[in-house]
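The values are calculated or read from the model by the stated rules, or taken from the named source; none is laboratory data. The shown structure was predicted, so the numbers you read here are calculated from the model rather than taken from an experiment. A quick note on method: Cβ atoms are made from the backbone with ideal geometry, for glycine too, and the neighbour counts reach across all protein chains shown.
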Amino acid sequence: MRTHNKFASHYFCALALAAAVASPALAQKPVPIGFITTLSTPAGYLGEDERDGFMLAVKEEGGKLGGIPVDVRIEDDGLKPANAKLTADRMLQEGIKLFTGINFSNVMMAVGPTVIGAKAFYISNNAGPAAFAGKNCNPYFFGAAFQNDTFADTVGFVANEIGAKKAVIMVPNYQAGRDAAEGFKKTFKGQIVAEIYTKLDQTDFSVELARIRGLDADTLFQFHPGGTGINLVKQFSSSGLDKKLKMVTPIYSMDERMLAAVGQAGKGFYMSSLWSADLPNAANKKFVESFTKTYNRVPTAQAAQSYDTALLIGSALKAVDGDMSKTDAFRDALRKADFHSVRGNFKFGPNQFPIQDWHMLETVDDGKGNVVYKNVKTVAKDRGDPYAADCKM
């Protein structure tokens, strides 16, 4: 079952219509953007954050990106690759040439080939499969958030920083999970004691935690975003394993909304992140203030990445005056990344995936009974991904 965000689409179409009535000579047909994401299932809040971050940028420009009117067509994939592919097929038939929104890499692997095969652009606000980063890179695919290995190989740096010696890897058995495991193994200097692969929608981890209890390890590297990660952290804490093992994760396994849900169970984690709310650059300060005021909650990294994705798209739409038939010029403008990222340093590598900084965060008690993030240090400057050298474009 699919849902369509008619309010968002009709609202921005209405803005464009109002502009046309007020000034016919300046009227411009809105550029349609297909925004397919996960809005249902326990992982639905991730899609909500991505949608809200993207739409905040559109809202701030009064229905435009880069000064160009846009019609953002938002649909729920239900975390089902087949659903997402059907939606993408229909959108392509409707003439849409610009896509974003997908959160999970297994969904991306179903949609990406369809979109880029039709010579439409996919600008990923989250998923960064290795399959699109190396020898199979594509001029129509941009990873505006990260390449999957990098959110995990930077956790390897974090594990080294805290003196971890023996680690268990525990990730879901899908594209991003497997990429995460490979990334962590590339940079962690200690011993990998075991690799455990869980189901993507798993909620009970008692069997896996019992196994981990019997292993000679001092650290658990895990990547479980959304509701599954919340359950895992609560069960990890209640099992008492938090007294035996240090937990290291990417920010996507303990984002702001997850941290609020698990409370004290989330204290003492170490993680890598490409963004945090306290990054001191002006663009980030503006974004955090605007997002919090608009949605009455603190943004997550997913929201920040989506906001950046919208700004990136806006910079390219501005360069071609909204004319998506100027394919080469639009791509060239995307590659320039001519926008002020909330992450600070940001540019594209030769495979159209980011080169950016990664930071070490720790979850600590703020002295008032709340668990919060502490930005400890930058663990990787201008970090690209390991597949860029294999990309020939």
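Scan segment 214-246 residue by residue and report those that are touching a residue at least 60 places away in the same chain (Cβ under 8 Å) and part of a loop (DSSP other than H, G, I, E, B).
Selection gives PHE223, PRO225, LEU245.
With the requirement that a residue be surrounded by fewer than 24 Cβ atoms within 10 Å (Cβ to Cβ), modelled with pLDDT under 95 and polar (S, T, N, Q), what does segment 102-135 give you?
ASN106
Of everything in segment 161-195, what is closer than 15 Å to SER105 by Cα and either among the aliphatic types (A, V, I, L, M) or in contact with a strand residue (DSSP E or B) (Cβ under 6 Å, 6 or more places away or on another chain) (or both)? Give them in sequence order.
Residues satisfying the conditions are VAL171, PRO172, ASN173, ALA176, GLY177, ALA180, ALA181.
Does at least one position in segment 136-153 carry a residue that is β-branched (Val, Ile, Thr), crowded, with 21+ Cβ neighbours inside 10 Å and more than 19 Å from LEU39 (Cα to Cα)?
Yes, segment 136-153 has at least one match.
Given segment 319-393, what strands (runs of 3 or more DSSP E) lie entirely inside it while holding 1 or more residues that are among the small types (Gly, Ala, Ser) and not assigned by TED's automatic domain parsing to the domain that holds GLY134?
371-383
Hey, which of the strands (runs of 3 or more DSSP E) in segment 37-144, taking only ones fully inside, have at least 2 residues that are closer than 25 Å to GLY349 by Cβ and in contact with a helix residue (DSSP H, G or I) (Cβ under 7 Å, 6 or more places away or on another chain)?
98-100, 121-124, 141-143
Name the single residue, out of those in segment 290-310 being in contact (Cβ under 8 Å) with a residue 60 or more places away in the chain and among the hydroxyl-bearing types (Ser, Thr, Tyr), that is farthest from SER272 (Cα to Cα).
Residue satisfying both the conditions and the ranking: THR294.
Looking at (1) touching a residue at least 40 places away in the same chain (Cβ under 8 Å); (2) over 21 Å from the mean Cα position of the chain (by Cα), find the lone condition where CYS137 falls short.
(2)
Can you tell me which residue within segment 331-348, out of those that are crowded, with 20+ Cβ neighbours inside 10 Å and in contact (Cβ under 8 Å) with a residue 40 or more places away in the chain, is nearest to ALA388 (Cα to Cα)?
The selected residue is PHE348.
State which residue pairs qualify: first residue farther than 14 Å from VAL171 by Cβ and inside segment 184-207, second residue of a type in the set (Phe, Trp, Tyr) and assigned to a helix (DSSP H, G or I) in any location, beta carbons under 7 Å apart, and separation of 6 or more residues or different chains.
Taking only residues 6 or more apart or on different chains, the pairs are THR187/PHE157.
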